[in-house]
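Shown next, in C-alpha cells, is the structure this report addresses.
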Amino acid sequence: MCGIVGYIGDKNASPILLEALRKLEYRGYDSAGIAVISAKKKLLVRKIKGRLSNLDLLVQQNPVEGNCGIGHTRWATHGEPSDLNSHPHTDVSQSIAVVHNGIIENHAQLRSWLERHQVSFASQTDSEVIAHLIDFHYNGDLLLAVRETIKRLEGSYAIAVVCSEHPQMMVVARKDSPLVIGRCEHANLVASDVPPLLSHTRDVQYLEDLDVAVITSEDVQIYNLDGERLEREVQHIEWDMEAAEKCGFEHFMLKEICEQPKALKDTLRARFKEEGLVFPQGVEALLKGAKHLLITGCGTAYHAGMVASYVIEQVASIPVEVVIASELRYRPLIKKEGEVCLLISQSGETADTIATLRMLKELGIPTLALTNVIGCTISREADWTIYTQAGPEIAVASTKAFTTQLLCLFTIAALLAKQDSAALLQALENLPSQAQLLLDRQEDIQRFAASQFNKTKVFFMGRLVDFAISLESALKLKEISYTHSEAFAAGELKHGPIALVDTSTLVVALCTQPTLYAKMDSNIKEVKARGATALVITFEHVHTFDDTADTIIRLPQTHPLFSPVLSVIVSQLYAYYCSVLKGNDPDKPRNLAKSVTVE
Ligand code: F6R
C-alpha cells in the first residue's frame, strides 16, 4: 500500500526523500511525489505517475532544494493512477502539502462541504480533502489546524503535513495506518515503515492511534487530539541495513527464501531455553487453559493458521477453528467457553485482521498475536504477542515470515502436546538445517521450473497439512508468476477439479502423510491418465511414487506434521523461478501491496 516519508534536518531533503521512497517500493505503488519547502518559504511539489525513476527524472529536470519535505508512493484506491491524483496534495493557495496513507471514508461529504465553501479540487482522491481542511482550520498554528482536521476525518490515515510558513516543522498523525519516527542528530525522519529510516538511525518511536506529532530537526513532541503532551518510548531496532538490502541476491524474494534457515533458527532460539520451551509472560498459562482455539489471518498468514489447526488438533486434542479475518469480522460470532483467539499477521497492520481483533476484544475473547513487526498495531492492541524472528520481509510475496509463523505455531503445538513432546522438539530443532539442505539443492527446482514455466494451468493437491500447503503454493505461484493455479484437497479431485485436467496441466502432488501415500498415489494416477504432468513432493526414502510421478522432489525426513516448513520452500522456489523465467519482477508483483492496510 502507499508509503509515506518525511525529513527535516540540516541536509537537502529531496535526495533523502527519494532514497527513502525507494526503500518503500516493496509496498507496491503506481505513482510518486515529493514536496519540499525552499529557503524562500516556497512549497515546491514534484509528482508523477509511474515508477520512482520517473520522479527522479522530474526532480533532475526541475530540482527542489530545502531542509524540510515529505514524500509518497501511491497505490491507487480513489481515482486512477495519474500525475494529478499522485501525492502530495496541496490546498488551493499551494502553501500546505499533505501525504496520506489509508482511506478517508467520509471524503464525499467533506468534499461537498468544502466545495460549498468555494474550494476547488485538483484530483479525484479522497486524500485531497485533508489539505483543504487543514487550510480551512489554519490561522497560523499548523498543529491546531491538523488536530481540528483530524477530528473531522472518518476512516484510516497516516499523514505528514508541511506548510510554507513553517519551513522548520512537519506535523504528522495516524489512525489505523502505521507511522514511525526516526530520531537522529540534527535531523528527524518519519516513514510508514522502518527500512527507509535505517540508513539514518535505529532509534525509532512508533506513533499510536490519534497521536499527532510536531517534528523539527532537534525535537519531536507528541500530543493527543486535545493538545495534551504524550510520551512514546524510543525503541532501538536490532536489525540493520543489511537485513533490508539485497546483499548480492537478484531479488529480495530469493534472498528471503535463502534466509529461512537463519530465520527459523532465530525463531527457535527465542522459544528454546535451557529450562525448556519459554513463551512471553502469561502466554503459556493462556494456551494451557484454552479449551478452544480460534485462529485468524489473511492470505499466507491464514494458511499458516490452517496448517496449525491440523497439527494442534492432532497432538493436543484441542478443537481449532480457522477463519479468514475478512470473513470472521462479519460473521455472527458465538463465544465459546475457554476460547482463545490467535491472530496471525506478518506486518501486524492488515486492516481486516485489525478489525477482527477489535471485534474479538469487544466480545471479551482473549487475543494472542503472532507477528513479525515489533510495535505494530496488532501487537499493541492484542492482549499478548509472540514475535516471529524473520527479520524484515521486503518482497511482497511472503516466504520467511510464513515458515517462521509455522515454527512458532509448532512450538505452541509442542507445548500443548499430550505425548511425545520430546520427539516433537527434536524434530523442530532439526528443521533449520534441513531447510538448508533443501536450499542447497535448489538447482533441481530451478531446472524443473525451466521445463514447466509456460504451463498455463497448475494444480496443487494434498491431504491434511499438505492441502494447506497446496493452498499456499497456489497463492505463491499465482501472485508472482501470474499463472492460473488452484489448490484442492486431493480427495475432492473426483468431485469436480478433474474435469479441468488435460495434457496442458501440471499437477503438483504434496505427499508427506505416510498413512495417505496410497490414496495420493491413486489421485496421481487419475490425473496422469488424463495426460497431466505430475510433480510429487515427498520425503527421501519414499518410493511409493517412483513409477507414477514424472518428477519427484525429495525433502529431508522430518515429523510428517512439520513437513510444511520444508515442502513450502519447494513451492516458493518454483514460483520464484517461474516468475523470473517469465520476465516478471517477483519482488513487486502487479496489483499487489505488501501490507494491506485498507479493506
Ligand atoms: C502472500 C502474502 C499475503 C499476506 C496477507 C496478510 O504472499 O504475503 O497473502 O500474507 O496480505 O498479510 P499480513 O501477514 O501482513 O497480515
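Nothing in this text is a laboratory measurement; each read-out follows from the coordinates by a stated rule. Source: prediction; values computed, not measured. Glycine also receives a Cβ, built like all others from the backbone with ideal geometry; neighbour counts cover every protein chain displayed.
Rounded, prolate or oblate: which fits region 251-429, taking a ≥ b ≥ c as square roots of the Cα gyration tensor eigenvalues, rounded meaning a/c under 1.5, else prolate when a/b beats b/c? Oblate shape, in that a/c is at least 1.5 and b/c is the bigger or equal ratio. Name the shape class, rounded, prolate or oblate, that the alpha-carbon gyration tensor gives for region 460-501, where a ≥ b ≥ c are the square roots of its eigenvalues, rounded holds for a/c under 1.5, and otherwise prolate holds if a/b is larger than b/c and oblate otherwise. Because a/c hits 1.5 or more and a/b fails to exceed b/c, region 460-501 counts as oblate.
An ellipsoid equivalent to the chain, defined through the eigenvalues of its Cα gyration tensor, has semi-axes of 45, 26, 22 Å when rounded to whole angstrom and sorted largest first.
Dipole size of region 251-429 about its Cα centre, with +1 on Lys/Arg Cβ and -1 on Asp/Glu Cβ: approximately 80 debye, rounded to the nearest 20.
Extending 7 Å from the Cα toward the beta-carbon at both ASN430 and GLU165 defines two label points whose distance is 7.1 nm.
Taking the charge dipole of region 397-463 about its Cα centre, with +1 at Lys and Arg Cβ atoms and -1 at Asp and Glu Cβ atoms, the residue from GLN419, SER451, LEU409 reaching farthest to the positive side is SER451. Dividing the mean sequence gap of close Cα pairs (under 8 Å, 6+ apart) by how many residues region 251-429 holds gives a relative contact order of 29 percent. You can think of it this way: the chain between VAL234 and THR515 has 95.9 nm of extra reach, that is 0.36 nm per residue less the Cα-Cα gap.
Can you give the local net charge around LEU277? Use residues other than it whose beta-carbon is closer than 9 angstrom to its beta-carbon, Lys and Arg +1, Asp and Glu -1. Within the 9 Å Cβ shell, the charges total 0. Peptide packing for 172-179, 109-116 was compared via the average number of neighbouring C-beta atoms within 10 Å per residue; ordered from the highest value, the list is 172-179, 109-116.
For region 96-212, the Cβ-based charge dipole about the Cα centre amounts to some 60 debye (Lys, Arg positive; Asp, Glu negative; other atoms uncharged). Each peptide in 534-544, 86-96 receives the mean, over its residues, of other Cβ atoms within 10 Å, and ordering these scores from highest gives 86-96, 534-544.
Packing order of peptides 579-590, 123-134, highest average first: 123-134, 579-590 (average count of other Cβ atoms within 10 Å over each peptide's residues).
Applied to region 267-275, the Karplus parametrisation 6.51 cos²θ - 1.76 cosθ + 1.60 on θ = phi - 60° returns per-residue 3J(HN,Hα) values of 5, 5, 4, 6, 9, 8, 10, 4, 7 Hz, with x for Gly and Pro. Close amide H pairs (under 5 Å, H built 1.01 Å from N) link THR385 with ALA369, residues at least 5 positions away or on another chain.
Per-residue ellipticity at 222 nm, computed for the chain from helices alone with -39500 (n - 2.57) per DSSP H run of at least four residues, works out to -11000 deg cm²/dmol. Counting every alpha-carbon pair across region 441-589, the share separated by more than 21 Å comes to 36%. Across region 92-98, computed HN-Hα scalar couplings (Karplus, 6.51 cos²θ - 1.76 cosθ + 1.60, θ = phi - 60°) run 4, 7, 6, 10, 10, 10, 9 Hz from first to last residue, x flagging Gly and Pro. Taking 0.36 nm per residue of separation and subtracting the Cα-Cα distance, full extension of the segment from ARG152 to ILE374 would add 76.9 nm. For region 411-423, 3J(HN,Hα) computed residue by residue from phi via the Karplus equation (6.51, -1.76, 1.60; θ = phi - 60°) reads 5, 5, 4, 5, 4, 8, 4, 7, 8, 6, 5, 5, 5 Hz, glycine and proline entered as x. Working from Cα pairs under 8 Å separated by at least six residues, relative contact order for region 447-599 is 28 percent.
Hey, if you put +1 on the Cβ of every Lys and Arg and -1 on every Asp and Glu Cβ in region 3-250, which of VAL220, ILE48, LEU210 ends up farthest toward the positive end of that dipole? Checked the options; the winner is ILE48. Principal-axis analysis of the Cα atoms of the chain puts helix 52-61 at an angle of about 30° to the longest axis.
Between VAL92 and ASP550, the distance separating the two model label sites (each 7 Å from Cα on the Cα→Cβ line) works out to 6.6 nm. Charge dipole (Cα centre; +1 on Lys/Arg Cβ, -1 on Asp/Glu Cβ; no other charges) of the chain amounts to roughly 940 debye.
Distance from the Cα centroid of region 242-259 to that of region 327-398 is 27 Å (rounded to whole angstrom). What is the list of residues in region 284-308 whose amide nitrogen lies under 15 Å from a point 7 angstrom out from the Cα of LEU277, following Cα to Cβ? Inside the label zone: 284-291, 293, 308. If you bin all the Cα-Cα distances of region 3-250 at 5 Å, starting from zero, the percentages per bin are 1, 7, 15, 20, 21, 18, 11, 5, 1, 1, 0, 0. Extension gain for ASP10-LEU144 works out to 45.7 nm (0.36 nm per residue, less the C-alpha to C-alpha distance).
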